[in-house]
Amino acid sequence: MSIQRRRFVAAVGAGALAGAAGCLGGTPVSVGSSSSAGAGDADASDDGPGVAGETLTLTTTTSTYDTGLLDAIHPDFEEMYGVSVDAVAQGTGAALETARNGDCDVVMVHARGLEDEFMRNGYGVNRRDLMFNDFVIVGPTDDPAGIEGMGSATEALTAIADAEAAFVSRGDNSGTHTKERNLWEAAGTDPGGDWYQEIGGGMGEALNNANQQGAYTLSDRGTFISQRSEIGLTVLVQGPIEDGPEVLANPYGVMAVNPGVHDDANYDLAMAYIGWVTSPGVQEMISEYESDGEQLFFPEAVSENPDFQQYVPDGWNGGE
Amino acid sequence: MIRLSNVSHTYGDGPVLEDLSMSVDPGEVLAIIGPSGVGKTTLLRVLALFVRPSSGTTELDGRAVWSVGESERLALRRRIGMVFQEASLFDASVVRNVEYGLRVRESWRERLRSQFRSVLGSNGTSEAVEEALEVVDLDDSLEQDADSLSGGEAQRVSFARALAYDPKYLMLDEPTSDLDPRNTGLIEDAIGTARERGIGVVVATHDMHQAERIADRVGVLLGDGFSEIGPTERVFEDPTDDRTRKFISGELVY
Amino acid sequence: MALDPAVDLLPALLDSPFREGYVSSIVYVSLYVSVIAVSLSTLVSVPVAIVMGFVDFRGKQFVKSVINTGMGFPSVVVGLLVLFAVSNQGPLGSLELIFTKEAMIMSQFVLATPPITAISLAAVTGVEGNVRDAARVLGGTRLDVALVVIKEARYGIATAVLAGFGRAISEVGSVLIVGGNITSSDGISKTRTLTTAVQLEARQGRYETAMVLGAVLVAIVLLVNAVVVRLGDTGGMGR
Ligand SMILES: Nc1ncnc2c1ncn2[C@@H]1O[C@H](COP(=O)(O)OP(=O)(O)OP(=O)(O)O)[C@@H](O)[C@H]1O
Ligand SMILES: [Mg+2]
């Protein structure tokens, strides 16, 4: 409630300021977080939270970045706090590594296993489930391995391996790549041979590559949707959003860099960001974000049910 | 006066000059003759304060050049001009070449100002430059590119370049080898003009007739030093040294 | 996807798929980073080349081989080294340079300096000894002689600067690593250059827009070439 009131005040204040100054980017707009005064005050930075003008560095994955979601929602955060967000798109592995080195303040990724390791090693704090979409197995319409409509991702991969049908792997240690490796492992197959190609590139490149050579690949739904009009691939195995297997779920988490490890991380602003991005208003914006007429991400942060599991590693049993 | 006392020089393998003493006065022309490779260029470079001899003293107007500080030596060196045996013009216009010696003598402030003016295209040619080019009869090719000059013209520009800043001494290293009679004549006239202005000129040359024409004194370099040095007429008419006589008459072949 | 540049490029250019200010801000960042890096490199390289060309000192051969190795140094390796230097954990971590233009300038400086030095050195060594001697005998100081050498070697040095600029502006590996390819959410580039933008477009399979940006990059390189060649022609000692 108080968050929403503050947002409202902030939006008015920022809007007034922006209108007056005719410019958004460089104007230090700040919002009283402890004091409610001065929201419309041009001199607000004096009694604001002291973050105005600061920069939050976020490392994230290519899939969130390339879909344009962040560009759509970040102006709201930047106006609210009078800050700017530097979003650096890397693979999930690289994004977490950058955070480990203390070179960013907050991380948004999608590989629960890697996230848990990151948290367990003490580099991150305050993880929240953020949103999800799902993975789909896409391939050429003629479907040489005959996987269309299969209800099991591992079955489909086994069929592809048996048929030695061409398969393109990201091979870049990203969240999608991690998911793909887990799926092969679950299928009991160690992919190799000419038909299996690791390209070491982003999702868009992988889709294009698969498209060029009529290969299968594992894609997050968002990137596939934003690109499908340009390629001839089709979804052959659906993820859970379209009633496919739960194993293809693609949950995104957000976490702050531990200020106890890296004391120069902008922890206050990172927590402000996490609070903002998991707030009902922004979760609403996420669910409204569309590409090619379809929703790309499904908010997961706001729920009346307890979701203790999001704060602790997957399968946490109370401490070893 | 430039005076060398007991100067020896070696480039590493054997001496080129050994225990050589001589002097040059303002207003005289001294010709240095001698077979190729004997050390004429080396001697001129020593005289131009360009090469520090391995031993011996070089004095200019009473100052021991290699015992003074760097900045005083620069000031001393600036009293001397030299024209090299090989072409050495800058890749620039004739004027720019000839005014170079004047430029480097200006303060940085003046230099910046004239650089600025030349960018604006309003840089007049200084009198000294025009005069120097007149001496070598080239005052109508000011803006020509140096690399488009003929060999003779290039040599004359080099001469003007050394003359422009009004040196007290001038070292000319075979200034007319490779030149046709007209260019040779122009250079010889210019040497005469320099002499009239009171400049002490040292000319290395292979042309003994030229030496006879222009020189007040002649030094004959044979072996490691002078076999003979003295008034032109006496050296040519009545050499005291036997090898000098043979060299002059062309019998001595190296 | 069939890709016929002649047909696809034109419409892509006409109805720009980019947000207002996006392309110009990318061009600005590319030029800003490359021009500053190459200027700094030139300020270091030319004096080094002149000293190397004039003075004999111990270890000169070693310096030469370092420069020659540097010419072929892979840009991603330079990017990694600069990343280690400017990363929070690195020696320059406290300056907070990671993901900034300054870090990109650092890596491009490292990349551009070896070719500029090597080509300038070749140009300086190519200046005739006579010409140097002439400058000295006409009364020039050491500095005057150095300036004459620079003027005589101006075409070679211009070529060197061009080569360095070409390497800097068309380089993608290191600026991606240390710069992070960031635009702010209003679509204005912070550390995104033409090359990393091309890389981003290609990653998303948008090859037409990648081509447009690539064409802009090529145009800039050609333009800078033309300008520098012209300057070399008219500049120097008043040709
Ligand atoms: N920089 C140098 N390093 C080593 N040896 C040199 C150098 N300059 C000249 N010499 C040697 O010193 C000797 C004298 O050379 P110098 O150029 O003074 O002769 P020269 O009398 O001017 O000859 P020429 O009439 O052919 O011009 C020659 O044997 C030459 O090889
Ligand atoms: Mg000689």
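The values are calculated or read from the model by the stated rules, or taken from the named source; none is laboratory data. Not measured: the values here are computed from a predicted model. Cβ coordinates were reconstructed from backbone atoms using ideal geometry, including for glycine residues, and neighbour counts include every protein chain displayed. Keep in mind that these areas ignore ligands, DNA and RNA; they rest on the heavy atoms of the full protein, side chains included. Shrake-Rupley method; radii C 1.70, N 1.55, O 1.52, S 1.80 Å.
General remarks:
- For the listed peptides B:164-171, C:129-136, A:60-67, a ranking on the average number of other beta carbons within 10 Å per residue, highest first, reads A:60-67, B:164-171, C:129-136.
- Each distinct pair of alpha carbons in segment C:27-193 adds a 1/r term; the inverse of their mean, the Kirkwood radius, is 17.0 Å.
- Candidate lysines for bridging to B:LYS40, where Cα separation is under 25 Å - those fewer than 8 sequence places away on the same chain excluded: B:LYS168, B:LYS246
- Average accessible surface for segment C:100-239: 34 Å² per residue, computed with a 1.4 Å probe over protein heavy atoms with every protein chain in place.
- Amide H within-cut-off set for A:SER169, under 5 Å, with H built and near neighbours excluded: A:GLN197, A:GLU198, A:ILE199
- Straight-line cross-link reach from C:LYS151 at under 18 Å between alpha-carbon atoms covers these aspartates and glutamates, not counting any fewer than eight positions away in the same chain: B:ASP91, B:GLU99, B:GLU143, B:ASP145, B:ASP147, C:GLU128, C:ASP133, C:ASP233.
- Ranked from largest to smallest solvent-accessible area, with a 1.4 Å probe on the protein heavy atoms, B:THR240, A:THR223 come out as B:THR240, A:THR223.
- Chain C and chain B together bury an accessible surface of about 2200 square angstrom, both sides counted, with a 1.4 Å probe and no ligands or nucleic acids included.
- Antiparallel %, DSSP beta bridges [both residues in the protein assembly as shown], to 5: 60
- Cα centroid of segment C:64-133 to Cα centroid of segment B:149-185, whole Å: 46
- Long-range amide H partners of B:LEU20 with built H, under 5 Å: B:ASN6, B:VAL7, B:SER8
- Sorting the segments C:168-178, B:19-29 by their residues' average number of neighbouring beta-carbon atoms within 10 angstrom, most packed first, yields C:168-178, B:19-29.
- Scanning residues 5 or more positions from A:ASN133 or on other chains, those with amide H under 5 Å from its amide H are A:ASN250, A:TYR252, A:PHE298, with H placed 1.01 Å from N in the peptide plane.
- Counting, for every residue in A:202-210, the Cβ atoms of other protein chains within 10 Å of its Cβ and taking the mean gives 4.
- Cα gyration tensor category, rounded, prolate or oblate, for segment B:202-254 with a/c compared to 1.5: rounded
- Its residues counted as N, segment B:37-175 yields a C-alpha radius of gyration over 2.2 N^0.38 Å of 1.13.
- Using a probe radius of 1.4 angstrom, the carbon and sulfur fraction of the accessible surface of segment C:68-137 is 66%.
- Dipole axis of segment A:134-248 (+1 Lys, Arg; -1 Asp, Glu on Cβ), positive-most option in A:GLY214, A:SER226, A:GLY139: A:SER226
- For segment B:227-237, Karplus couplings with θ = phi - 60° (6.51, -1.76, 1.60), whole Hz, Gly/Pro x: 7, 6, 8, x, x, 3, 4, 5, 4, 6, 7
- The residues of segment B:3-42 have, on average, 38 Å² of accessible surface per residue, using a 1.4 Å probe with all protein chains present.
- For peptides B:200-213, C:106-119, C:89-102, sequence by mean Cβ density within 10 Å, most packed first: C:106-119, B:200-213, C:89-102
- Using θ = phi - 60° and Karplus 6.51 cos²θ - 1.76 cosθ + 1.60, couplings along segment B:104-112 (whole Hz; Gly, Pro as x): 5, 8, 7, 6, 4, 5, 4, 5, 4
- A Cβ-based charge dipole, computed about the Cα centre of segment A:176-262 with Lys and Arg at +1 and Asp and Glu at -1, lands at about 200 debye.
- Between B:ASN183, B:PRO15, B:HIS209, the Cα set farthest toward the positive side of the dipole of chain B (charges on each charged residue's Cβ, about the Cα centre) is that of B:PRO15.
- Using distinct alpha-carbon pairs, which all enter the 1/r mean, Kirkwood radius of segment A:241-286 in Å: 12.9
- This model, with +1 at the C-beta of Lys and Arg and -1 at the C-beta of Asp and Glu, gives segment B:118-233 a dipole about its Cα centre of some 360 debye.
- What the Cα atoms of the protein assembly as shown give is an Rg and a Dmax of 39.1, 126 Å.
- Global form of segment B:1-70, assessed from the alpha-carbon gyration tensor, a/c cut-off 1.5: oblate
- Loop-located GluC sites (Glu not before Pro) in segment B:62-113 (DSSP state not H, G, I, E or B) with no more than 14 neighbouring Cβ atoms inside 10 Å: B:GLU86, B:GLU106.
- Accessible area that becomes buried as C packs against A, both chains, 1.4 Å probe, Å², nearest 100: 2100
- Prolate/oblate/rounded call for segment A:134-248, Cα gyration tensor, a/c under 1.5 rounded: rounded
- Ranked by solvent-accessible area (1.4 Å probe, protein heavy atoms only, all chains present), the residues C:TYR28, A:TYR267 order from largest to smallest as C:TYR28, A:TYR267.
- When chain B is reduced to its Cα atoms, the Kirkwood hydrodynamic radius in Å: 19.0
- Shielding by partners, peptide C:126-135 (average Cβ within 10 angstrom, other chains): 5
- Here segment A:129-186 and segment A:204-283 have alpha carbon centers that stand 16 Å from each other.
- Protein accessible area in segment A:134-248, 1.4 Å probe - carbon and sulfur %: 39
- With contributions of -39500 (n - 2.57) from each DSSP H run of at least four residues, the per-residue ellipticity at 222 nm computed over the protein assembly as shown stands at -14500 deg cm²/dmol.
- Phi-derived couplings, Karplus 6.51 cos²θ - 1.76 cosθ + 1.60 at θ = phi - 60°, listed residue by residue for segment C:117-131: 5, 5, 6, 4, 4, 4, 5, 5, 5, x, 6, 4, x, 4, 5 Hz, with x used for Gly and Pro.
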